[in-house]
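Single-structure report; data block below.
The values are calculated or read from the model by the stated rules, or taken from the named source; none is laboratory data. The shown structure was predicted, so the numbers you read here are calculated from the model rather than taken from an experiment. Because the Cβ atoms are built from the backbone with ideal geometry, glycine has one as well, and the counts that use them run over all protein chains shown. What goes into the accessible areas is simple: the full protein's heavy atoms, side chains included, and nothing from ligands, DNA or RNA. Shrake-Rupley method; radii C 1.70, N 1.55, O 1.52, S 1.80 Å.
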Amino acid sequence: MKIVTTVARVLLGALFLWGGIAFFFHLGPKEMPKMSADQTTFMSGLNVSYLFKFVKVTELLAGLLLLINRTAALGAIVALPITLNIFLYNAILAPEQMVMGIVILLFNLYLLYAYREKYLPMVSK
């Protein structure tokens, strides 16, 4: 169980860390992939506002927190809203990429389950 937790933590952390680094250092593809009209509208809304930069900073933070074992429980909580949005984006706007959204969501949900003992003081009396 501990090995599965470590693998999920490191893979999810590396994915989020790479996503943030690639955005800020322009390491991704030069041209955007072909998108539908709905996808273009969604991405245009994110790019004109501060929101996409905020998401990428949050991805960097979540990735770092997940890669540091001591802060992994906090990293799983920080990553959850981003993970849910990736999943919902894939489910609604890009069903052909659904596998990645499901995998990321399952990793995050597993980590939340694995660290559940650390969250109990927040919700208990």
Under the rule a/c < 1.5 gives rounded, and otherwise a/b versus b/c splits prolate from oblate, where does the chain land using the Cα gyration tensor?
prolate
How far is helix 37-48 tilted, in degrees, relative to the longest principal axis of the Cα atoms in the chain, given as a value from 0 to 90 rounded to the nearest 10?
70
With axes computed from alpha carbons, what is the tilt in degrees of helix 2-24 against the longest principal axis of the chain, rounded to the nearest 10 within 0 to 90?
30
Could I have the simple spin-label model distance between Ala14 and Ile92, label points 7 Å from Cα toward Cβ, reported in nm to one decimal?
3.2
Leaving out ligands, DNA and RNA, and with a 1.4 Å probe, what % of the accessible surface on the chain is carbon or sulfur?
73
How many Å² of accessible area per residue for segment 68-125, probe 1.4 Å?
65
Below 30 Å Cα-Cα, how many Lys pairs turn up in the chain? Only count pairs eight or more apart in sequence, or on different chains, if you could.
9
Tilt of helix 98-114 relative to the longest C-alpha principal axis of the chain, in degrees (0 to 90, nearest 10)?
20
